[in-house]
Amino acid sequence: MTLKDMIAEEELARLQQDLHDTFGLNADIMDAEGRRLLGNTWGNQLCRAIRDDAKGFGAICAPAGQMFTQLMKKGEPFAEYCDGGMLRVSVPVVVKGEVVGAVGGCGVVPDDEEVDEFTIGMMSDLDEEAIAEKAKTVTAVSEAKVAEIQQYITDRLESLLK
């Protein structure tokens, strides 16, 4: 059974867009293997630039995606960093003890920290000025906001899975 078997694609798309609009996330819906089901919503310009840069994608996005997939398979909500210093906030969807996917997003930074512009520069072909300018578009979040995002996702999933 897949996430799309349990929740209509239109409802998943609405949830993804709501996460993007409400919290500024690069929101996504993942299947049990960590693959995006509905494409990207870009919450900031920096992540899109990293993703569009072959070196940046390979050094930052791809390893982070692998790590996040492993965390998702544990079945517990999490917030974890990528090498660019930004967070992925995620809630795995567990049905009858089986992880069938996850809902969440990435591309926010803790409000007491900064995007790691130096590391992004070292791990991508993006220039320093572009990184600094695009880093200004990254939303800062508090620990309380991360918990709010996770609760929002949990509540929405509970209502959609009834």
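Each reported figure results from applying straightforward, stated rules to the coordinates on display, with no laboratory input. Every value quoted in this text rests on a predicted model; they were computed, and no experiment measured them. Heads up, the Cβs are rebuilt from the backbone with ideal geometry, glycines too, and the neighbour counts pull from every protein chain shown.
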* Structure fact -> Note, residue 13: beta-carbon cut-off 14 Å, +1 each Lys/Arg, -1 each Asp/Glu, net -2
* Using only Cα atoms, locate the centre of segment 98-138 and the centre of segment 1-49, then give the distance between them in Å, rounded to an integer. => 17 Å
* Asked: What residue among 140, 54, 32 shows peak mean-square fluctuation when the chain is described by a Gaussian network model with Cα springs under 10 Å?
  -> 54
* **Dipole axis of the chain (+1 Lys, Arg; -1 Asp, Glu on Cβ), positive-most option in 71, 137, 109** => 71
* Phi-based couplings in Hz for segment 34-49 (Karplus 6.51, -1.76, 1.60; Gly and Pro marked x) -> x, 8, 5, 8, 10, x, 10, 10, 8, x, 8, 7, 5, 4, 4, 5
* **Value of relative contact order over the chain, rounded to a whole percent, pairs C-alpha under 8 Å and six or more apart** => 25 percent
* Asked: Between residue 114 and residue 17, what FRET efficiency comes out of the Förster formula 1/(1 + (r/R0)^6) with R0 = 22 Å and r the beta carbon distance, rounded to 0.05?
  -> 0.20
* Asked: Angle between the Cα long axis of helix 62-72 and the longest principal axis of the chain, 0 to 90 degrees, nearest 10?
  -> 30 degrees
* Of 51, 14, 88, which has the largest mean-square fluctuation in a 10 Å C-alpha GNM of the chain? -> 14
* Rounding to the nearest 20 debye, state how big the charge dipole of the chain is about its Cα centre with +1 on each Lys and Arg Cβ and -1 on each Asp and Glu Cβ. => 640 debye
* Which entry in [x] 136; [y] 94; [z] 110 matches volume of the Cα convex hull per residue in Å³ derived from the coordinates of this structure? -> [y]
* What is the order of 23, 118, fewest Cβ neighbours within 10 Å to most? -> 118, 23
* Given labels modelled 7 Å from the Cα in the Cβ direction, how far is it in nm from residue 81 to residue 98? -> 3.6 nm
* Structure fact -> Residues whose modelled amide H sits under 5 Å from the amide H of residue 38, counting only those 5 or more places away in sequence or on another chain, are 29
* Structure fact -> Put in order of increasing Cβ neighbours within 10 Å, starting from the fewest, 73, 136, 96 give 96, 136, 73
* Sorted by Cβ density within 10 Å, fewest first, the residues 103, 95 -> 95, 103
